[in-house]
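Below is one structure; the comments refer to it alone.
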Amino acid sequence: MSFLLWAARLTLPALLVGGLIVDQGVNRPVQQKDESAIVENEIQVPGNRSLTSTWYCPTAHSRKLVGSGVAAEVELLVTNTAAEPTRASVYLLSPTSARQLLYLEVPGLTTRSLQVANHTNDELVSALVEAPTSGVVVTRRLRSSIGSDVATCSSVVADEWYVISGDTQADALDQLVIYNPLPTDAVVDLRFASEAEVGPYASPELSGLVVPAASSILIEIAEHVRRRDIVAATVQARLGRVVVDHPQTFDGSSGRLGFSAHLATATSSTVWYHPVVRLGADARVSVMVANPTDVVTAVDVTVVTGEGKVESVAISVGPYDVTRVDVRSNLEEDIAPGTLAAPPGIFGIIVESSDGIPVVSGVETASGPDGSPGRESPHEDLILEDDQGSEIELPIGRVSGLSISSGVPNGSNGWVLTVPELSGEVIVGIQNGSASTATVVLSRYGQRDRYQMRLGAYADQQIRIGAGTTMEIRADVAIAVAAVHQKPNGAGLSSVLPVKFSEEN
């Protein structure tokens with residue numbers, strides 16, 4: 001008995017040590033697998049290795065309700081960058097109606113459109129677009145009674161999305177559309193940052209928020225955040241993955257008027273490009289920089305022209321915070337410290353982290369009267385509701401608009417730019433992101449002409465094109481591309497972002 005007892009006592013430690021060794025041996029491959037599972041969060045054209053193309057559009061239609069929301073009609077633009085024709089399946093998904101399936105035939109090297117309002121009148125509709133071939137791109141034109149904008153759909157679902165330029169003042173309606181295209185529920189947490197507070201703020205009501213499978217939810221930010229001029233938001237999924245849109249309007253009751261709708265960004269980067277920025281007497285520009293990390297970062301915001309980098313301002317952004325840099329004409333006097341001086345007209349902007357910490361950057365552009373609560377425009381510039389709650393029609397010839405663009409993280413050697421049918425000219429900006437001269441070739445789908453240009457180191461150049469154009473832009477070094485459009489004699493300022501080709505294309 002004594003011998004058996006001692007044998008058991010000696011065997012037990014050996015078994016424990018052996019168990020630890022086995023446990024570590026089993027766990028090690030699992031840990032390596034997790035570390036190698038890197039998700040590509042940059043939106044791009046599905047490459048040649050892909051058998052299909054899938055795009056997610058959080059806002060495909062929006063109907064205004066009594067006392068809230070905004071009515072927005074959406075035109076889906078499906079571009080086929082391959083030479084062979086394809087057939088796209090468009091699924092319209094609504095929290096209140098059954099799923100609809102539509103088909104769209106798209107010839108090679110062509111863009112075709114679908115007016116979603118012809119098929120639904122639900123309060124909120126998202127879209128899932130699938131094609132049985134690679135090389136398909138989907139973007140949107142969104143129109144409301146007070147303006148219009150252009151936004152890409154997303155080729156990725158992600159567990160973190162950033163919105164960097166919100167506004168919760170009394171004349172603003174700031175919303176998030178969170179779309180879960182996956183077959184299981186998602187659970188998300190939201191946090192906010194503003195220029196008036198230090199660090200992040202989280203509302204208990206927006207913690208552990210469930211986004212049902214194959215559905216969307218709408219969040220009005222002002223219901224959870226105080227009145228602020230600048231609000232940044234982060235949507236983080238603790239379970240599942242989602243896609244996020246950011247619609248925002250100014251109703252004209254204080255002067256400023258406009259409608260912006262853009263896809264949030266799922267990418268942080270040490271360099272952001274804004275290839276086309278328009279600054280003038282009635283065109284205002286602000287650069288937003290958000291820091292999604294837990295350390296302070298130093299950032300340089302630089303104006304870029306055809307001569308390269310010309311003006312710069314250095315800022316610091318605290319952990320999980322947001323900072324705005326106003327851009328003013330260098331012809332003005334008494335420019336406040338921290339303001340970026342730029343030549344009036346059209347130019348580009350580069351936002352660079354000088355210490356290697358990734359940030360998120362966007363540009364807010366606006367036109368027309370700039371009055372806001374507390375500093376209203378003259379009474380004749382205000383858009384007020386009558387006794388029945390109907391909006392007064394906009395004055396004929398009044399130019400106004402709002403557009404928020406998240407910018408272009410990282411350059412690429414190839415881009416596709418889809419421009420909807422818009423009235424007037426569209427200005428395309430091309431920015432060289434390298435220290436060497438770039439040779440750029442622009443080709444329009446449906447046209448045989450090709451345009452070639454050369455850009456010096458870090459230089460920015462613009463061209464004017466007609467609306468309704470799909471353009472492929474290639475270069476021998478990494479470049480960035482974007483476009484801007486102001487509706488002549490009306491309300492509507494649009495920023496048009498491209499989609500990068502993958503390395504396989």
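The values are calculated or read from the model by the stated rules, or taken from the named source; none is laboratory data. For clarity, every value in this text was computed on a predicted model and none was experimentally measured. Using ideal geometry, Cβ is built from the backbone for each residue, glycine included, and neighbour counts are taken over all protein chains shown.
Does SER361 qualify as being under 28 Å from LEU176 (Cα atoms), at pLDDT 95 or above and not hydrophobic (A, V, I, L, M, F, W, C)? Answer is yes for this residue. Looking at this structure, is ILE178 assigned by TED's automatic domain parsing to the domain that holds VAL243, surrounded by 22 or more Cβ atoms within 10 Å (Cβ to Cβ), modelled with pLDDT under 95 and among the β-branched types (Val, Ile, Thr)? So ILE178 fails the test. State which residue is farthest from GLY318 (Cα to Cα) when the search covers only the range 187-199 and only residues that are surrounded by fewer than 20 Cβ atoms within 10 Å (Cβ to Cβ) and under 21 Å from the mean Cα position of the chain (by Cα). The selected residue is ASP189. All told, ASP326 falls short of being in contact (Cβ under 8 Å) with a residue 40 or more places away in the chain, within 21 Å of THR270 (Cα to Cα) and either surrounded by fewer than 13 Cβ atoms within 10 Å (Cβ to Cβ) or among the aromatic types (Phe, Trp, Tyr) (or both). Restricting attention to the range 200-225, the residues being exposed (fewer than 14 other Cβ atoms within 10 Å of the Cβ), among the small types (Gly, Ala, Ser) and under 22 Å from ALA290 (Cβ atoms) number 2. Is one or more of the residues making up the range 304-321 crowded, with 22+ Cβ neighbours inside 10 Å and over 25 Å from LEU190 (Cβ atoms)? Yes, that holds for at least one residue.
For the residues GLY371, GLY356, GLY411, the requirement of being within 28 Å of VAL303 (Cα to Cα), surrounded by 17 or more Cβ atoms within 10 Å (Cβ to Cβ) and under 23 Å from the mean Cα position of the chain (by Cα) singles out GLY411.
With respect to the conditions (1) of a type outside the set (Lys, Arg); (2) without any contact (Cβ under 8 Å) to a residue 60 or more places away in the chain; (3) farther than 20 Å from ARG140 by Cβ, LEU51 lacks only one, and its number is (2). The residues of the range 319-350 that are under 28 Å from PRO292 (Cβ atoms) and either out of contact with any strand residue (DSSP E or B) (no Cβ under 8 Å at 6 or more places or on another chain) or not in a strand (DSSP E or B) (or both), listed by number, are PRO319, TYR320, ASP321, ALA336, PRO337, GLY338, THR339. Test SER316 against the criterion of being hydroxyl-bearing (Ser, Thr, Tyr) and closer than 30 Å to ARG464 by Cα, and give yes or no. No; evaluated as a whole, the condition is false for this residue.
Confirm whether ALA298 is within 20 Å of VAL271 (Cβ to Cβ), in the same structural domain as ARG464 (by TED's automatic domain parsing) and crowded, with 17+ Cβ neighbours inside 10 Å. The answer is no for ALA298. Of the listed requirements (1) surrounded by fewer than 19 Cβ atoms within 10 Å (Cβ to Cβ); (2) part of a strand (DSSP E or B), ALA475 misses just one: (1).
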